[in-house]
1. How much length would be gained if the chain were fully extended between T104 and R42, taking 0.36 nm per residue of separation minus their Cα-Cα distance, in nm to one decimal?
2. Can you list which of the chymotrypsin sites (Phe, Trp or Tyr not before Pro) found in the stretch 106-191 are DSSP loop residues with at most 10 other C-beta atoms within 10 Å?
3. Quick query: amide H of L22 versus all other amide H atoms, modeled in the peptide plane; which residues come in under 5 Å with a sequence gap of 5 or more or a different chain?
4. What FRET efficiency, computed as 1/(1 + (r/R0)^6) with R0 = 41 Å and r the Cβ-Cβ distance, is obtained for S203 and E27, rounded to the nearest 0.05?
5. Where a ≥ b ≥ c are the square roots of the eigenvalues of the C-alpha gyration tensor, would you call the stretch 163-236 rounded, which needs a/c under 1.5, or, failing that, prolate if a/b is larger than b/c, or oblate?
6. Rank A23, A205, A47 by mean-square fluctuation in a GNM of the chain with C-alpha springs under 10 angstrom and give only the top-ranked residue.
7. Within the set K4/K180; K37/K209; K119/K183; K41/K123; K209/K240, which residue pairs have Cα atoms separated by over 18 Å?
8. Against the globular-protein guess of 2.2 N^0.38 Å, express the Cα radius of gyration of the stretch 1-101 as a ratio, rounded to two decimals.
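What follows draws every value from the coordinates through simple rules; no lab data is involved. Here the structure is a predicted model, which is why all the values come from computation and not from measurement. FYI the Cβ positions are ideal-geometry reconstructions off the backbone, even for glycines, and counts take in every protein chain you see.
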Amino acid sequence: MSYKRVLIKLSGEGLANKDKRLAIDYELVEKFAKQLKVIIKRNIEVAIVVGGGNFWRGTSAAKNGIQRVRADYIGMLATTMNALALQSGFENNNLHCRVLSSLTMDPKVCEVYINEKAKKYLKSGEVVIFAGGTGRPFFTTDTASTLFASEINADAILMGKNNVDGVYDSDPKFNPNAKKFEKITYDELLEKDLRIIDTTAASMAKENKIDIIIFDINEQDSLLRAIDNEVPNTIITSKK
Ligand code: UDP
């Protein structure tokens, strides 16, 4: 399928450079910017939801005594930090980019999310980064991805994972015989309790009939090849 408008999910962890102990790998951001420029030139509109796991995860913080709601707001702020860092990296590569946040931030920091505004920016060829997840605790940025993809009528969600290239019937890191699915339905995913995305995200994507393509963000030119369906992946869909 050739896409008109896609939503790319970048996990926070995937942005980090563990060797250099950096929260954000600037070389990687530059690689993304270069690929996105090619994608935008092909008149494909690009929205991004970014996670915050390189800085903070609400559930882990809650285990350490920070009350869950507050821990989650800190997580949402972490996604906003990533969004702003991505924006700078993109702009340094002459890629026009807007950050729209679900959390009301001071307007000097970024813009507030309004659906019409997001669509207007997308139509004019700007990359739109959604910061702050859904803006509510107890959710994840996977769920924010399905929510925003539904709100902006994206053709699909391209979900870049960190060192996982699709959906397996068991964890390939522990089971060398794990079987990879080329395609799987949301029903099967939920029934088999495969946790590649959380169940809230899976249910919403199923309801709204949005395909999610799982691929490894660390593959060479992963974004470009995901757009062309040339990267190893699994398609999660409502109907096979
Ligand atoms: N978060 C939240 N509501 C949302 C999205 C995110 O509370 O709608 C918080 C939550 O604490 C989460 C953190 O932000 O752990 C970072 O997001 P996520 O774990 O989805 O990031 P990723 O794993 O993709 O890096």
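1. On the way: separation 62, 0.36 × 62 = 22.32 nm, distance 3.28 nm.
So the extension gain works out to 19.0 nm.
2. Numbers: sites: Y113, Y121, F130, F138, F139, F148, Y168, F174, F181, Y186; in loops: Y113, F138, F139, F174.
Hits after loop and neighbour filter: F174.
3. Amide H neighbours of L22: N17.
4. Values: r = 37 Å, r/R0 = 0.89.
Given R0 = 41 Å and the Cβ-Cβ separation, E is 0.65.
5. Numbers: a/c = 2.13, a/b = 1.14, b/c = 1.87.
It comes out oblate by the Cα gyration axes.
6. Maximum among the listed residues: A23.
7. Working: K4/K180 28 Å; K37/K209 28 Å; K119/K183 30 Å; K41/K123 12 Å; K209/K240 12 Å.
Table pairs above 18 Å Cα-Cα are K4/K180; K37/K209; K119/K183.
8. Values: Rg = 15.1 Å, N = 101, 2.2 N^0.38 = 12.7 Å.
My calculation over the Cα atoms of the stretch 1-101 gives 1.18.
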